[in-house]
Amino acid sequence: MNKIWDILHDKKTVVFLDIDGVLTSYSYGEYHAHHELDFTPEFRDINIYADCKRLEPIYRYIQQHGTDKIFCISREPHGHEAWKSEMVRKLYGIPIDHCYYTLDASEKPKIVKSVVKKLFPDIDPRSVVCMDDNDETLGMYMKETPFCTAHPMIFMEHLLPDSQGFSLR
Ligand SMILES: [Mg+2]
């Protein structure tokens, strides 16, 4: 049986969240998931994060878990780090110094391992969860770290209708 949902809700669990596609819905363009100017130099000057909306199920989870053990790890090749950090602070209350960036997604496992070693040296690796929407990245975490992995769709699976629209179980 899948244990990830229970592990995510264990108070001692440390969670590393990808940003694009986990803390955002990845709806950056007008007609596309990517912004129309992505893959062009002009894209560097566009703050696609200014209009991002809070994803309520993840927000509720983060509020409940507390931001002390919530971190972000994101690939950022366009120089958008400051805008991204500001967005996760504004929408989710995640401290800016909890955000880590890399130019190369393949570095993510190494970065998470070094942060865990530094900040939580005695933690059980089964109390660390790396959440990413990218299948290749999840595979790298699984192969290169002893930590648990999760895909953000797990929040959809646990949505239940209630009087306010939904709740998590
Ligand atoms: Mg992503």
Restricted to the stretch 23-41 and to residues being out of contact with any strand residue (DSSP E or B) (no Cβ under 7 Å at 6 or more places or on another chain) and under 30 Å from SER114 (Cα atoms), the residue farthest from the ligand (Cβ to nearest atom) is SER25
Here the residues within the stretch 70-91 that are in contact with a Phe, Trp or Tyr (Cβ under 9 Å, 6 or more places away or on another chain) and aliphatic (A, V, I, L, M) are ILE70, ILE73, MET87, VAL88, LEU91
Screening TYR31, TYR49, TYR61 for residues that are free of Cβ contacts under 8 Å to residues at least 40 places away in the same chain, among the aromatic types (Phe, Trp, Tyr) and surrounded by 13 or more Cβ atoms within 10 Å (Cβ to Cβ) leaves only TYR49
Test for PHE43: is it under 19 Å from ILE96 (Cα atoms) and either part of a helix (DSSP H, G or I) or touching a residue at least 12 places away in the same chain (Cβ under 8 Å) (or both)
no
Taking the stretch 123-143 and keeping only residues that are open to solvent by 80 Å² or more (accessible area, probe 1.4 Å), of a type outside the set (A, V, I, L, M) and farther than 17 Å from ILE70 by Cα, one is left with ASP135, GLU136, LYS143
For the stretch 46-66, the count of residues that are outside any helix (DSSP H, G or I) and among the charged types (D, E, K, R) equals 3
Item to complete: Test ASP20 against the criterion of being within 16 Å of the ligand (Cβ to nearest atom), in a loop (DSSP other than H, G, I, E, B), among the acidic types (Asp, Glu) and more than 23 Å from MET156 (Cα to Cα), and give yes or no.
Response: no
When the stretch 73-107 is checked residue by residue, the ones that are part of a helix (DSSP H, G or I) and in contact (Cβ under 8 Å) with a residue 40 or more places away in the chain are LYS84, MET87, VAL88, LEU91, TYR92
Within the stretch 100-122, residues being small (Gly, Ala, Ser) and buried (at least 17 other Cβ atoms within 10 Å of the Cβ) number 1
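The values are calculated or read from the model by the stated rules, or taken from the named source; none is laboratory data. None of these values were measured; they are calculated from a predicted model. We place every Cβ from the backbone using ideal geometry, glycine too, and count neighbours over all the protein chains shown. Ligands, DNA and RNA are stripped out before the accessible areas are found, and what is left, the full protein with its side chains, is counted by its heavy atoms. Shrake-Rupley method; radii C 1.70, N 1.55, O 1.52, S 1.80 Å.
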